[in-house]
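The values are calculated or read from the model by the stated rules, or taken from the named source; none is laboratory data. Only a predicted model underlies this, so the values are computations on that prediction, with no experimental measurement involved. Here the Cβ positions follow ideal geometry from the backbone for every residue, glycine too, while neighbour counts run over all protein chains shown.
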């Protein structure tokens with residue numbers, strides 16, 4: 001993981017295993033996500049996988065261990081004050097990120113890998129990438145927050161079809177059904193470019209807008225409209241908002257204060 005000009009570049013790094021998820025990967029995802037959540041200088045995040053795949057899902061060795069008590073370890077991990085167990089948190093920590101998260105998918109995003117991708121704000125992928133809610137193949141159901149995130153992207157009926165069948169979805173189809181955002185020849189490069197563009201904007205406006213959009217449909221219109229009004233009152237006349245206007249008219253790059261700092 002590296003941070004450049006407010007953009008965190010996070011890469012799953014088990015290319016020899018197609019970045020399959022094991023205990024160490026779950027812990028690394030949670031730890032990295034929590035560090036970035038707490039860093040007010042982070043204005044955008046790109047999450048990708050090294051090698052030929054984004055993430056092939058649960059490591060097969062871990063899958064075999066599910067026949068015994070080890071299979072319950074992730075789900076039984078103490079939650080403390082969290083609403084997620086460690087397996088869920090490895091995905092949902094990216095949805096909790098104040099800054100926007102762009103997931104770059106090449107190769108496959110299967111099972112748990114697909115659920116991690118769902119937690120991003122945007123998903124860029126190659127046309128021949130393959131997504132699958134694959135758990136049904138192994139007699140399982142999605143358990144890394146995918147049952148809650150997938151219907152918001154593709155609608156309830158398509159979410160059910162993908163979950164009940166485990167069928168493979170190409171990158172092209174993924175964009176068509178709302179599972180992905182954009183098809184790119186080089187998803188990581190495109191994601192980094194977009195992330196740097198986002199990082200050049202008023203971070204208080206970007207993060208405030210993300211929070212408002214994320215709650216759409218989950219709160220009443222009265223609450224949503226009130227939250228909009230509260231945000232705009234905070235933004236108008238704030239130092240960062242004034243800087244955005246001055247930088248535009250002076251035709252220069254804006255220099256913003258970090259939110260929450």
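Looking at segment 211-219, can you tell me whether even one residue there is assigned to a helix (DSSP H, G or I), free of Cβ contacts under 8 Å to residues at least 60 places away in the same chain and over 17 Å from the mean Cα position of the chain (by Cα)?
no
Take residue 76 and tell me if it is at pLDDT below 95 and either surrounded by 20 or more Cβ atoms within 10 Å (Cβ to Cβ) or farther than 22 Å from residue 134 by Cβ (or both).
Here the answer is yes, as residue 76 does meet what is asked.
State yes or no: is residue 115 at pLDDT 95 or above, assigned to a helix (DSSP H, G or I) and surrounded by 24 or more Cβ atoms within 10 Å (Cβ to Cβ)?
yes
Look through segment 166-204, keep the residues that are assigned to a loop (DSSP other than H, G, I, E, B) and under 16 Å from the mean Cα position of the chain (by Cα), and return whichever of them is surrounded by the fewest Cβ atoms within 10 Å (Cβ to Cβ).
Restricting to residues being assigned to a loop (DSSP other than H, G, I, E, B) and under 16 Å from the mean Cα position of the chain (by Cα), the top hit is 178.
Given 24, 28, which one is assigned to a helix (DSSP H, G or I), without any contact (Cβ under 8 Å) to a residue 60 or more places away in the chain and within 23 Å of residue 187 (Cβ to Cβ)?
Step by step, each of 24, 28 is checked, and only 28 is assigned to a helix (DSSP H, G or I), without any contact (Cβ under 8 Å) to a residue 60 or more places away in the chain and within 23 Å of residue 187 (Cβ to Cβ).
Yes or no, residue by residue, for (1) in contact with a helix residue (DSSP H, G or I) (Cβ under 9 Å, 6 or more places away or on another chain); (2) outside the structural domain of residue 108 (by TED's automatic domain parsing); (3) modelled with pLDDT of 95 or more:
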| position | (1), (2), (3) |
| --- | --- |
| 151 | yes, no, yes |
| 155 | yes, no, yes |
| 169 | yes, no, yes |
| 179 | yes, no, yes |
| 190 | no, no, yes |
| 194 | no, no, yes |
| 210 | no, yes, yes |
| 240 | yes, yes, yes |
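Restricted to segment 1-19, and to residues that are without any contact (Cβ under 8 Å) to a residue 60 or more places away in the chain and not in a strand (DSSP E or B), which residue is surrounded by the fewest Cβ atoms within 10 Å (Cβ to Cβ)?
Ranking the qualifying residues of segment 1-19, first place goes to 16.
Do we have residue 108 as free of Cβ contacts under 8 Å to residues at least 40 places away in the same chain, buried (at least 19 other Cβ atoms within 10 Å of the Cβ) and within 29 Å of residue 86 (Cβ to Cβ) here?
Criteria not met by residue 108.
Go through segment 127-155 and give me each residue that's in contact with a strand residue (DSSP E or B) (Cβ under 7 Å, 6 or more places away or on another chain), touching a residue at least 40 places away in the same chain (Cβ under 8 Å) and crowded, with 17+ Cβ neighbours inside 10 Å.
129, 130, 131, 134
Regarding residue 42, is this residue farther than 21 Å from residue 148 by Cα, in the same structural domain as residue 176 (by TED's automatic domain parsing), part of a strand (DSSP E or B) and at pLDDT 95 or above?
no
Restricting to segment 80-94, and then to whatever is touching a residue at least 12 places away in the same chain (Cβ under 8 Å) and more than 10 Å from residue 145 (Cα to Cα), can you tell me which residue is farthest from the chain's Cα centre (by Cα)?
86
Are any of the residues in segment 98-108 under 24 Å from residue 141 (Cα atoms), modelled with pLDDT of 95 or more and assigned to a helix (DSSP H, G or I)?
So far as segment 98-108 goes, no, none of its residues is under 24 Å from residue 141 (Cα atoms), modelled with pLDDT of 95 or more and assigned to a helix (DSSP H, G or I).
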